[in-house]
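K.L.:
Please see the structure below; I have some questions.
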Protein chains: 2
Amino acid sequence: MTFSSKLIEKAVEAFATLPGIGRKTALRLVLHLLKQDKQTTEQFATALTAMRDGIQECKSCHNFSDAELCHICTDPRRDKSLVCVVENVRDLMAIEDTSQYRGLYHILGGIISPIEGIGPSDLNIDSLAERVAAGEIKEAIMAISPTIEGETTIYYLTKKLQPLGVQVSAIARGVSFGGDLEYADEVTLGRSIVARMPYEAK
Amino acid sequence: MTFSSKLIEKAVEAFATLPGIGRKTALRLVLHLLKQDKQTTEQFATALTAMRDGIQECKSCHNFSDAELCHICTDPRRDKSLVCVVENVRDLMAIEDTSQYRGLYHILGGIISPIEGIGPSDLNIDSLAERVAAGEIKEAIMAISPTIEGETTIYYLTKKLQPLGVQVSAIARGVSFGGDLEYADEVTLGRSIVARMPYEAK
């Protein structure tokens, strides 16, 4: 791609470092910004630097936060006897979007993966154990992807947390709502029969 | 989508104003920037504001430029008797990328479109006529999309430029290289037969 301007070239290269954005898309975005007035680009740049400079990690749950403690940890309406253990912020947001959970969270920052060289000490596990040991938490819900690494992480956490006197549970696995049984994979379908639940007619 | 941080929310909203980027993608980009060190975001923001503040429109051809005249207009190796008329910067870049053209350009900034209310006075047509009237240009090549609006624009420009003593030409239309004849649309295939060219065996 030949650029008529070093300034454009640098802006395109900056956009192209972002995941999923190639040079053609980057150019489209840059030309879009050039069509808008200068203020738009300034506000865009300010929003990004303000975000990067101002953001903190919540001291309790490791969520991204504008203050020392995030708005979930400080919310008095939250059930402080429940902690939902998730891999990352995106999983937390996905659960929040369901509006089905009113407890606290704990973000691990990844899962145990020997292949990628991620061990328990690389994750926020000690701070979770400390929170549980403090006594207020009665149940730790493992909301971790049902992969081999995920199961390993859940096993490790269970061994670590149960001696502290906390109930460990995992989110339900089974066939998706609205999904056709014939398209469910064998493992999921098999487990969902083994883990069948009594049906409650409402 | 529930955000744990106003700062993140603002950054996501800023990204989501860009074309083709929805809120989910915007969040992915923001979380990517949060994973990098602060410098990355700063450099990114600086590249954008520097670009938006520093960019100029070339006084001669209306290309984006870092100076009063763009690097194509000031390049002494360029053939100044040729001007290639294009709709926008992206078309200019596409032609530059072919490395087949060594003349100058003129960017119209759009094409005549009565439906969208774009008339000749909204485009950089007067400045093109001035450049042609100056006398150095011998041929004006219309590199404009073969649509109804494009054809209208070419017709208008030809009527305007020919009296000034310049040769007007249009880029060749026909079936694409590597394309299957049976998949070419009827108009293109029909015209390519009418406009057939003597074959030169090399």
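The values are calculated or read from the model by the stated rules, or taken from the named source; none is laboratory data. Please read these numbers as outputs of a predicted model, since none were measured by experiment. For neighbour counting, all protein chains shown are included, and Cβ atoms are generated from backbone atoms with ideal geometry for every residue, glycine included. Ligands, DNA and RNA are stripped out before the accessible areas are found, and what is left, the full protein with its side chains, is counted by its heavy atoms. Shrake-Rupley method; radii C 1.70, N 1.55, O 1.52, S 1.80 Å.
K.L.:
Identify all residues within the stretch B:178-192 that are surrounded by 10 or more Cβ atoms within 10 Å (Cβ to Cβ) and of a type in the set (A, V, I, L, M, F, W, C); write none if there are none.
P.N.:
B:ALA184, B:VAL187, B:LEU189
K.L.:
Run down A:LEU33, A:LEU7 and say which single residue is touching a Ser or Thr at 6+ places or on another chain (Cβ under 7 Å) and free of Cβ contacts under 8 Å to residues at least 40 places away in the same chain.
P.N.:
Just a single option satisfies the conditions, and that option is A:LEU33.
K.L.:
Of these, B:GLY109, B:GLY119, B:GLY103, which one is open to solvent by less than 30 Å² (accessible area, probe 1.4 Å) and either touching a residue at least 24 places away in the same chain (Cβ under 8 Å) or under 18 Å from the mean Cα position of the chain (by Cα) (or both)?
P.N.:
B:GLY103
K.L.:
For the stretch A:128-155, name all the residues that are among the hydroxyl-bearing types (Ser, Thr, Tyr) and buried (at least 17 other Cβ atoms within 10 Å of the Cβ).
P.N.:
A:THR153
K.L.:
Could you tell me whether the stretch A:130-139 includes any residue that is touching a residue at least 60 places away in the same chain (Cβ under 8 Å) and in a helix (DSSP H, G or I)?
P.N.:
There is at least one residue in the stretch A:130-139 that is touching a residue at least 60 places away in the same chain (Cβ under 8 Å) and in a helix (DSSP H, G or I).
K.L.:
Could you tell me which residue of the stretch B:109-129 is farthest from B:LYS59 (Cα to Cα), considering only residues that are polar (S, T, N, Q) and part of a helix (DSSP H, G or I)?
P.N.:
Looking at residues that are polar (S, T, N, Q) and part of a helix (DSSP H, G or I), I get B:SER121.
K.L.:
Kindly provide the set of residues from the stretch B:177-187 that are under 27 Å from B:GLU139 (Cβ atoms) and either in a loop (DSSP other than H, G, I, E, B) or in contact (Cβ under 8 Å) with a residue 40 or more places away in the chain (or both), ordered by number.
P.N.:
Correct list: B:PHE177 only.
K.L.:
Check off (1) within 14 Å of another protein chain (Cβ to nearest Cβ); (2) more than 13 Å from the chain's Cα centre (by Cα); (3) closer than 19 Å to A:GLN167 by Cα for A:GLU139 and give me the number that stays unchecked.
P.N.:
For A:GLU139, the failing item is (1).
K.L.:
Kindly provide the set of residues from the stretch A:156-176 that are open to solvent by 70 Å² or more (accessible area, probe 1.4 Å) and assigned to a helix (DSSP H, G or I), ordered by number.
P.N.:
A:TYR156, A:LYS159, A:LYS160, A:GLN162, A:PRO163, A:LEU164
K.L.:
Follow-up question, since we're still on this one. Restricting attention to the stretch B:44-98, which residues are more than 18 Å from A:LYS6 (Cβ to Cβ) and either buried (at least 20 other Cβ atoms within 10 Å of the Cβ) or in contact with a Cys (Cβ under 6 Å, 6 or more places away or on another chain) (or both)?
P.N.:
Residues satisfying the conditions are B:SER60, B:HIS62, B:VAL83, B:CYS84, B:VAL85, B:VAL86.
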